[in-house]
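In what follows, a single structure is set out as structure tokens and then discussed.
The values are calculated or read from the model by the stated rules, or taken from the named source; none is laboratory data. Note that this is a predicted model, so its numbers are computed, not measured. Ideal geometry is used to build each Cβ from the backbone, glycine not excepted, and the neighbour counts take in all protein chains shown.
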Amino acid sequence: MTLLDLLQWPAMVMTIAASGLITSSQLRRKNWGFWIFLASNVLWAVWGWHSGAYALVAMQFCLAALNMRGAAKT
């Protein structure tokens, strides 16, 4: 197992944490959630590329665009 193979674990933890944060009624926490989601999008895209999961990479680019929109709105 390489270091790139291990990226899926922090990506998963960040995705779960971000999901919880964006459900907050506090705008500051919600904004942090979108930024953490963006960081997890990067990790998932790197892991997906390394693993040959190109549909996952494409999905992360789409989700990153949505997360940027969410961050801008908060």
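Numbers at a glance
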item	result
Residue within the range 59-68 that is farther than 16 Å from M12 by Cα, at pLDDT 95 or above and outside any helix (DSSP H, G or I) present	no
Residue count, the range 2-33 (criterion: free of Cβ contacts under 8 Å to residues at least 24 places away in the same chain and among the charged types (D, E, K, R))	2
Hits in the range 14-41 - residues which are part of a helix (DSSP H, G or I) and more than 14 Å from A71 (Cβ to Cβ)	M14, T15, I16, A17, S19, G20
Of all residues in the range 17-33 being surrounded by fewer than 16 Cβ atoms within 10 Å (Cβ to Cβ) and touching a helix residue (DSSP H, G or I) at 6+ places or on another chain (Cβ under 9 Å), the one that is farthest from M1 (Cα to Cα)	S24
Residue that is surrounded by the fewest Cβ atoms within 10 Å (Cβ to Cβ), among those in the range 34-50 that are without any contact (Cβ under 8 Å) to a residue 24 or more places away in the chain and within 20 Å of I16 (Cβ to Cβ)	V42
